[in-house]
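Structure, as structure tokens:
Taken together, the values in this text are just the output of simple stated rules run on the coordinates, not laboratory data. It should be emphasised that the depicted structure is a prediction, and the values quoted were computed from it without experimental measurement. Quick reminder, even Gly has a Cβ in these numbers, built from the backbone with ideal geometry, and neighbours come from all protein chains shown.
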Amino acid sequence: MPFIGIKFAAKLEKENPMAIIITDECINCGACEPECPNTAIYEGADDWRYADGTDLSGKVVLPNGKAVDANETNEPISDEIYFIVADKCTECKGFHDEPQCAAVCPVDCCIPDEDNVESEETLLAKQAFMHNK
Ligand code: SF4
Ligand code: SF4
């Protein structure tokens, strides 16, 4: 099993599931990006789309009620470091038992996003929505 920082594992156990966020301790190694099953991770300064790595296309209403064009390019969330699109992050629910970005990050800077607390059911519904299940 990949290593997850003890503090992070304890936090996950203690709290509700939530999306993951990358802190400014990121060293831009790029290890997390290819591990994300939802293509929710982007390199700093990269544009991103809901359609990237998902089955979403055209105008859609996300499970959280937000109406978006999945094919539209969006501005980078960070110009400096890798970032996670919270709307696309399911904490890897539906694919893996644990967040893959956190498992591979060499500096433990992929941590639960306190501003995006979601139930396991919500995260699974988000995953099913994005992958046409
Ligand atoms: S927790 Fe999983 S879905 Fe969320 S950004 Fe990390 S690898 Fe992607
Ligand atoms: S694995 Fe960690 S340090 Fe490397 S790019 Fe991702 S968040 Fe940054």
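Quick look at the values:
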| quantity | calculated |
| --- | --- |
| Count, lysine Cα pairs under 25 Å in the chain, 8 or more residues apart or across chains | 20 |
| Residue-averaged [θ]222 nm for the chain, counting only DSSP H segments that reach four residues, each worth -39500 (n - 2.57) | -5000 deg cm²/dmol |
| Förster-model FRET efficiency, 35 Å R0, Asp24 and Ser119, C-beta, rounded to 0.05 | 0.80 |
| Where labels lie 7 Å past Cα in the beta-carbon direction, separation of Asp69 and Asp108 in nm | 4.4 nm |
| Relative contact order (percent, whole number), the chain, Cα cutoff 8 Å, 6+ residue spacing | 38 percent |
| Extension gain, Glu80 back to Val61 (0.36 nm per residue minus Cα-Cα distance, nm) | 3.9 nm |
| Helix 120-130 vs. the chain, principal-axis angle (Cα, 0 to 90°, nearest 10) | 50 degrees |
| Separation of alpha-carbon centers, region 60-93 and region 21-57, rounded to whole Å | 9 Å |
